[in-house]
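Notes for the one structure printed next.
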Amino acid sequence: MEKLLHYCWKHRILPFADMRTIDGKVVDVIDPGMLNTDAGPDFFNAKVAIGGKIWAGNVEIHTKRQDWYAHGHNTDAVYDNVILHVIRRGESHREGMEIKTSEGRTVPEMEIDIPEHILKNYRELIAEDSYPPCYRIIPNLPKVMVHAWMAALQTERLEQKTEALMKTLSLLNGDWEHSFFVALARSFGMGANSDALEMWARELPVTAVAHHRDDLFQIEALFFGRAGMLDLSNIRDKRKDVVAEDKYFSRLTTEYSYLLHKFSLPAPMPLKWHLLRMRPQNFPHVRIAQLARLFHERRTSLSSLLECKTPEDIFNLLSCGVSEYWERHYVFGKESLPNTKHLSKASANVIMINCAIPILFAYGRFTGDDSLCDRAIDLLDTLKAENNTITRLWKNVGLDVATAGDSQALIQLKKCYCDRKDCLRCRIGYKYLAEKK
């Protein structure tokens, strides 16, 4: 209920006709302040008039009066600038209790009601099992409001991805080239092998690999060796003999042993690769072979990505095949029909949306180059929307989902709002709560 009180205070859903402190002074909320999502008072920089005197400072909101002491605010100097303590009307409160700061100052208090229709709508949203829970009002939402919220969610998702990229950049000592390769490898995992490919790329000795960039065979030796795929002990027993007799596997193993010694590399970390219930085109062996070819042809450099202006430019950058051996194999030791294994348009779009475009946005934020951030957003608005369970559900309830920017916004909405039942921070949720039926 405390979050609902925050909602009512933030959006000024208050009984303005009769607002008084517990001791009878008239209260006028001039500015409710800014909601604080971190530690400290609930609202910063509020402005209220109490008994005709204007106060500027912070506001703390609780369900019950005694929560002030239960949470230790009376001994915390962070709360000394609280100008008003707001509590819910109708809850049991301990009588005769004054709210004091650590300095001994008495804080004025006011009780507020949660309007009945707000409470009813909120309970409906929280109890609704269907997704999206606010489906009933979607067709009637103002298009301008929906467009503005989708744009905000799209940027929020890019900012979230930027934060994750910054963590990788920090782990890699500020190396943007390596960070881009890690992000690229993760996106090549297509979900099932994304974590493993990210860990593999992060631990990859890219400086050592760069010494042999002109030799695709040596790149593959290092790539597959560091993935643990040249170690027979990592291969299922029934396939060991077949793989051991594979001449290309043996050549790679010999070459990797030489390079391991040359660069004094440690043993690779153990990684878990997934192949079950997966299209062969997405097997990790194929993805690593494609990444090796991209690295060999110098298509994994950040500067190459920064030169891309259109989705076609990015597709051409990422579109490459594999070495001759991998044109006839999906795994070691098992020959298949010839296939160039070029990255499909659908896969390239996924990689663009989840890697290339976020990298452009993150690098723009990092360097202060707004044109890169704008380009990233424009690219998302150029690509068609992703077709997945989330986008289909929103389309079914009447929301227009046209671009990749829209689909990314809806993914953000589901993961960070709907799944968490955080309707009070959602603009669609606000419309739902405010509706009087």
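Filter the range 372-392 down to the residues that are part of a helix (DSSP H, G or I) and either open to solvent by less than 60 Å² (accessible area, probe 1.4 Å) or in contact with a helix residue (DSSP H, G or I) (Cβ under 7 Å, 6 or more places away or on another chain) (or both) and list them by number. LEU372, CYS373, ARG375, ALA376, ILE377, LEU379, LEU380, ASP381, THR382, ILE390, THR391, listed by residue number.
Among the residues of the range 222-250, the ones that are in a helix (DSSP H, G or I), open to solvent by 100 Å² or more (accessible area, probe 1.4 Å) and under 12 Å from PHE332 (Cα atoms) come to 2 in all.
Looking at the range 31-40, which of its residues are of a type in the set (S, T, N, Q) and surrounded by fewer than 14 Cβ atoms within 10 Å (Cβ to Cβ)? Correct list: THR37 only. If the condition is being buried (at least 16 other Cβ atoms within 10 Å of the Cβ) and in a strand (DSSP E or B), then the range 104-139 contributes GLU109, MET110, GLU111, ILE112.
For the range 46-67, a tally of residues being open to solvent by 50 Å² or more (accessible area, probe 1.4 Å), without any contact (Cβ under 8 Å) to a residue 24 or more places away in the chain and within 37 Å of the chain's Cα centre (by Cα) returns 1. Taking each residue of the range 334-352 that is at negative phi and looking for partners that are surrounded by fewer than 18 Cβ atoms within 10 Å (Cβ to Cβ) and of a type in the set (Ser, Thr, Tyr) with beta-carbon atoms closer than 7 Å, six or more apart or interchain, yields HIS342/SER319; LEU343/SER319; ALA348/SER319. The residue that is surrounded by the fewest Cβ atoms within 10 Å (Cβ to Cβ), among those in the range 393-425 that are in contact (Cβ under 8 Å) with a residue 24 or more places away in the chain and under 15 Å from LEU4 (Cβ atoms), is LYS421. Only one of the numbered conditions (1) surrounded by fewer than 16 Cβ atoms within 10 Å (Cβ to Cβ); (2) touching a Pro at 6+ places or on another chain (Cβ under 8 Å) is violated by PHE43, and that is (1). Among the residues of the range 1-44, those identified as aliphatic (A, V, I, L, M) and within 22 Å of ASN121 (Cβ to Cβ) are MET1, LEU4, LEU5, ILE13, LEU14, LEU35.
LYS341 passes every criterion in (1) touching a helix residue (DSSP H, G or I) at 6+ places or on another chain (Cβ under 8 Å); (2) open to solvent by 30 Å² or more (accessible area, probe 1.4 Å); (3) of a type in the set (Lys, Arg) apart from (2).
Per-residue answers, yes or no, for (1) surrounded by fewer than 18 Cβ atoms within 10 Å (Cβ to Cβ); (2) over 15 Å from TYR330 (Cβ atoms):
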position: ASP214; (1), (2): yes, yes
position: TYR258; (1), (2): yes, yes
position: HIS261; (1), (2): yes, yes
position: GLN281; (1), (2): yes, no
position: LEU294; (1), (2): no, yes
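Under 22 Å from PHE180 (Cβ atoms), surrounded by 20 or more Cβ atoms within 10 Å (Cβ to Cβ), at pLDDT below 95 and not aromatic (Phe, Trp, Tyr): is that true of LEU318 in this structure? So LEU318 passes the test.
Restricting the first member to the range 177-195 and to residues that are touching a residue at least 60 places away in the same chain (Cβ under 8 Å), and the second to residues that are open to solvent by less than 10 Å² (accessible area, probe 1.4 Å) and charged (D, E, K, R), the beta-carbon pairs closer than 6 Å and six or more apart or on different chains are PHE188/ARG287.
The values are calculated or read from the model by the stated rules, or taken from the named source; none is laboratory data. Remember, it's a predicted structure, so these values are computed and weren't measured experimentally. Please note: Cβ atoms are built from the backbone with ideal geometry, for glycine as well, and neighbour counts cover all protein chains shown. All accessible areas refer to the heavy atoms of the entire protein, side chains included, with ligands and DNA or RNA removed. Shrake-Rupley method; radii C 1.70, N 1.55, O 1.52, S 1.80 Å.
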